[in-house]
2 protein chains.
Amino acid sequence: MKERIYLAGLIIIGNEILSGRTEDKNIAYIANSLSKSGIRLNEVRVIADIEEEIILAINNFRDRFDYVFTTGGIGPTHDDITTQSIAKAFGVENVLNQDAYKILLDYYGDRKKINESRMRMAYAPEGSELIYNNISKAPGFKKENVFILAGVPKIMRSMFDAILPTLKKGRILNSIEINAKVPEGVIAPELTKIQEKYHEIEIGSYPYYENDSAGTILVLRSINKEALKNGEIEVLNLIKRFT
Amino acid sequence: MKERIYLAGLIIIGNEILSGRTEDKNIAYIANSLSKSGIRLNEVRVIADIEEEIILAINNFRDRFDYVFTTGGIGPTHDDITTQSIAKAFGVENVLNQDAYKILLDYYGDRKKINESRMRMAYAPEGSELIYNNISKAPGFKKENVFILAGVPKIMRSMFDAILPTLKKGRILNSIEINAKVPEGVIAPELTKIQEKYHEIEIGSYPYYENDSAGTILVLRSINKEALKNGEIEVLNLIKRFT
């Protein structure tokens with residue numbers, strides 16, 4: 001019986017990434033954490049803070065993937081439109097979440113300090129659950145298989161680390177990295193043959209340039225450790241012939 | 001008469017980004033360069049080295065955007081399937097490009113050193129033009145509005161910098177950045193009013209945390225410099241009231 005593979009998609013919502021003002025730090029963190037956990041990240045989209053774009057991406061992703069993560073657009077300002085857009089994608093109302101409101105009330109200590117803008121941070125698509133935020137308190141939300149996270153990396157990480165243990169995971173892809181100090185073109189024909197021989201292994205080849213000499217990082221990945229070991233031996237033998 | 005706005009999409013092709021092995025460096029560079037040049041980056045997708053995924057993304061993007069850039073998957077190894085997949089997306093053959101072959105021949109000096117794998121780097125969708133690569137010689141390709149670039153950041157930049165001057169561009173979005181040393185929730189209600197008053201300006205609000213105190217970077221962007229100046233004055237006055 002084949003084990004179930006769990007698939008994820010990530011939607012980065014943010015004009016600041018597309019305009020080049022801010023360098024995204026969230027893709028690498030989420031990609032890395034999922035990969036180590038046995039969940040496969042299949043696609044990432046970076047889209048603008050535009051309602052129709054968010055609705056399209058959410059509805060495409062939530063059908064295709066087990067888990068969908070969004071980052072960005074859940075703050076108090078006018079350009080934070082993620083939760084209301086996701087509510088529309090689900091065809092539900094964006095409603096005041098009582099648990100989220102309690103958290104804001106605790107934090108600000110006074111109902112009057114929660115102005116109309118801050119109040120927006122307590123709204124979520126109907127039927128959402130909270131995702132706690134230990135840094136700035138305003139929570140993220142889970143609506144069915146969609147996890148709505150903050151965009152500020154420190155806060156996003158705190159939310160993501162909190163939900164990761166709750167997700168169902170498949171077997172972890174074991175990974176071996178080999179630094180072949182030869183240009184990839186030299187070993188490419190033989191490498192193709194090794195790839196064709198080992199269907200259970202995914203062989204990635206990543207060229208690099210260091211002090212004007214070309215090398216290649218080879219990454220072998222498989223859920224089958226024995227196949228991986230055999231593949232590694234063949235790749236090491238191949239490299240020996242050229243160094 | 002309204003000036004034409006030029007739109008771009010970026011497709012990052014690479015299992016290594018989705019697996020978390022490699023942190024993407026290309027999004028920020030391309031986003032920044034386009035933004036400064038008067039071309040608007042509308043969407044970025046990171047997809048796996050899978051033919052159907054590449055075809056879907058390419059055909060979606062080339063219809064929607066003036067310019068489409070891809071990075072990754074144009075090397076000599078088995079996992080480099082970008083050009084052949086893009087040829088399929090266009091419904092044309094992936095053919096030997098004589099100019100690209102000449103470059104490889106010059107570089108390797110000997111026909112025999114261009115093994116079958118390296119030969120793949122001289123193939124491109126029928127009707128492509130070359131994009132020169134000063135670093136490792138193997139070229140990228142332009143097919144209609146799709147620019148096929150390398151994934152290695154240094155090479156990608158060299159190719160991108162070479163093509164950027166050849167693209168048609170709209171007016172540049174002028175941008176002003178203001179560091180409001182107050183939490184965004186404090187100024188959010190009034191900021192919304194300023195945004196509503198100035199339709200020509202796009203106001204972005206980006207919270208940050210420094211030494212446990214919360215601040216907000218406000219970014220005002222517009223092609224209209226006068227509107228931008230007026231918006232800046234209002235935002236500065238707003239901040240003064242809370243500091």
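The values are calculated or read from the model by the stated rules, or taken from the named source; none is laboratory data. This structure is a prediction, so every number in the text was calculated from the model and none was measured. No Cβ is skipped: glycine too gets one built from the backbone with ideal geometry, and neighbour counts run over all protein chains shown. In case anyone asks, the SASA skips ligands and DNA or RNA and just uses the protein heavy atoms, side chains included. Shrake-Rupley method; radii C 1.70, N 1.55, O 1.52, S 1.80 Å.
Of note:
- Inter-chain Cβ neighbour count for A:77-84, averaged per residue, equals 5 (cutoff 10 Å, partner chain atoms only).
- Highest to lowest packing among A:46-53, B:91-98, scored as the average C-beta count within 10 Å: A:46-53, B:91-98
- Spacing of the two label points (7 Å from each Cα toward its C-beta) at residue A:130 and residue A:50, in nm: 3.6 nm
- Between residue A:167 and residue B:167, the FRET efficiency estimated from the beta carbon spacing at R0 = 41 angstrom works out to 0.45.
- Inter-label distance, nm, simple model (7 Å from Cα along the C-beta direction), residue B:111/residue B:92: 2.7 nm
- Taking the Cα centre of chain B as origin and assigning +1 to Lys and Arg Cβ atoms and -1 to Asp and Glu Cβ atoms, the resulting dipole is close to 720 debye.
- Threshold 50 Å², region A:1-40 residues less accessible with all protein chains present than alone (1.4 Å probe): A:18, A:19, A:21, A:23
- Accessible carbon and sulfur surface of region A:174-240 relative to its total accessible area, %, 1.4 Å: 48 percent
- Neighbouring Cβ atoms from other chains, within 10 Å of the Cβ of residues in B:135-146, number 1 on average.
- Carbon + sulfur, % of accessible area of region B:1-76 - ligands and nucleic acids excluded, 1.4 Å: 49 percent
- Set of lysines with alpha-carbon distance to residue A:181 below 17 Å, sequence-local pairs under 8 removed: A:240
- Ligands, DNA and RNA left out, the 1.4 Å accessible surface of region A:80-144 is 44% carbon and sulfur atoms.
- Reachable aspartates and glutamates, given that their alpha-carbon falls under 18 Å from the alpha-carbon of residue A:225 and they are not under 8 places away in the same chain: A:3, A:177, A:196, A:200, A:202, A:234
- Only lysine pairs 8 or more places apart or on separate chains count here, and in region A:6-166 those with Cα atoms under 14 Å apart total 6.
- Qualifying trypsin sites (Lys or Arg not before Pro) in region B:93-163, where qualification requires a DSSP coil assignment and no more than 15 other C-beta atoms within 10 Å, comprise B:137.
- DSSP assigns beta bridges within region A:6-166; of those with both partners inside it, close to 35 percent run antiparallel.
- In sequence order, region A:146-154 has phi-based couplings of 10, 10, 9, 10, 5, x, 4, x, 4 Hz under the Karplus curve 6.51 cos²θ - 1.76 cosθ + 1.60, θ = phi - 60°, and Gly or Pro positions carry x.
- GluC sites (Glu not before Pro) restricted to region A:97-129 and DSSP loop, no more than 16 other C-beta within 10 Å: A:126
- Solvent exposure of chain B amounts to 47 Å² per residue of accessible area, where only protein heavy atoms count and the probe is 1.4 Å.
- For region B:205-238, residues shielded by at least 50 square angstrom of accessible area compared with the chain on its own, probe 1.4 Å: B:206, B:209
- Computed from protein heavy atoms with a 1.4 Å probe, the total accessible area buried between B and A is close to 4600 Å².
- Model label points for residue B:101 and residue B:181, set 7 angstrom from Cα along the Cα-to-Cβ axis, are 6.6 nm apart.
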